[in-house]
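Here is the structure we will look at.
The values are calculated or read from the model by the stated rules, or taken from the named source; none is laboratory data. What you see is a predicted model, and the numbers here were worked out from it, not measured in a lab. Every residue, glycine as well, gets a Cβ built from its backbone with ideal geometry; the counts of neighbours run over all protein chains shown.
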Amino acid sequence: MDEARRPTGPDLPVAADWFWLTWVTARTALITEPHVDEMLRSGIWYFRGRDRDLLVDTGNGVGALAPFLARLAHAGRPRHTVCVCTHAHIDHIGGFHEFGRRLLHSADRDLMEETYGGVALASALWSESLRARLAESGFVPPPLLIDAVPSPGFDPYTFRPGRAEPTHFVRGGDEIDLGGRRFTIVDLPGHTPGSIGLIDHEERALVSGDAVYDGGLIDTLPESDVGQYLGTMDLLRRLEVDVVYPGHGRPFDRSRLREIAEGYLRANGG
Ligand SMILES: [Zn+2]
C-alpha cells in the first residue's frame, strides 16, 4: 500500500472479546462488534432451530465468528449453521467465508467482488467518490473505524476479509427450514440490487438487513437505486410482521416500520 497515505494514530488495545451477544427471545440472538464504529457496526442475527441454526449476516470479518458461535453449542454437540447475507457490503459479508453453507442473492455478486477488493477499516483509504456519496446520505466516517484490535499485530490499514463464493444463490420466495422454524426470503432491492430480508414465520419477524432500520438509510451509493427502493418501501409498509430485526440498531415494531417506509415514500415522491 501507499505508505504516504497511511495516517498515524494511537496504538489500539487488544479487545478481550470481539463480539457481544444478546438473546432477544429464547431462540433469537443479536450479535454485534462493539469495537467497530457505529457506521459499520451491523447486527448479526442468530436463529436457533430444532435441526439447524440460521445466521443472517456476518459482521466485518475482523474477529473470528464461527468459533464464537461454536461456543453456543448445546452439550458440546456442534450445530449445523446456514449462513445468509442480506447483501454484499463489508459490514455484513466480512465473516461469510467462515461458514460452509453460504447464501446470497445473485444480483449482489459483482458488489461482492468489489467489497473483497477494498480496504474497509480506514476511511482515509476510501475513494473520494465513495466518501462523497456517503456524505450525501449523512455519513461522515472517522479516519479509523475500530477502537481496538482482535489480536496483537492486527493491521486495520491492510486488513481484507477472507474471500468466499456463495454456495447457493437465493431469491424472494425461497424458504429455509430449520426444523420447527421456517423462514421465507423476500426481495428488498434499493440499498443494493440484491438486498434481501427474511421473514421468520414463528416469531412474525422481518430480518431486514440494510433495506430498513431506524436511522439514516443509504440510497446514494453507485449500487443503490431509489426507484427500486420505493418499491421495497411500498412492500414494507404493508408487511404484516410484529417486529423488525434490522441490519443496524435495535429491533422495532410494525407501526415504526410503517412510519419509516411511509416517510421514505413521501420524501422521495413515491
Ligand atoms: Zn449495506
Do we have any residue at all in the stretch 186-205 that's within 16 Å of the ligand (Cβ to nearest atom) and β-branched (Val, Ile, Thr)?
-> yes
Filter result for Thr115 (part of a loop (DSSP other than H, G, I, E, B) and without any contact (Cβ under 8 Å) to a residue 60 or more places away in the chain) = no
Consider Thr22 carefully, then state whether it is at pLDDT 95 or above and buried (at least 17 other Cβ atoms within 10 Å of the Cβ).
-> no
Close pairs from the stretch 199-218: first at positive phi, partner within 16 Å of the ligand (Cβ to nearest atom) and part of a strand (DSSP E or B), Cβ under 8 Å, at least 6 apart = Gly209/Val56; Gly209/Ile196; Gly209/Gly197; Gly209/Pro246
Run down Leu134, Leu104, Leu69 and say which single residue is surrounded by 17 or more Cβ atoms within 10 Å (Cβ to Cβ), in a helix (DSSP H, G or I) and within 14 Å of the ligand (Cβ to nearest atom).
-> Leu134
Has the stretch 247-263 got at least one residue that is assigned to a helix (DSSP H, G or I), touching a strand residue (DSSP E or B) at 6+ places or on another chain (Cβ under 6 Å) and crowded, with 22+ Cβ neighbours inside 10 Å?
-> yes
Do we have any residue at all in the stretch 89-100 that's more than 16 Å from the ligand (Cβ to nearest atom) and surrounded by 22 or more Cβ atoms within 10 Å (Cβ to Cβ)?
-> no
Is it fair to say Leu111 is more than 16 Å from the ligand (Cβ to nearest atom) and under 30 Å from Ser224 (Cα atoms)?
-> no
Would you be able to tell me the number of residues in the stretch 207-232 that are out of contact with any Pro (no Cβ under 7 Å at 6 or more places or on another chain), within 16 Å of the ligand (Cβ to nearest atom) and not in a loop (DSSP other than H, G, I, E, B)?
-> 4
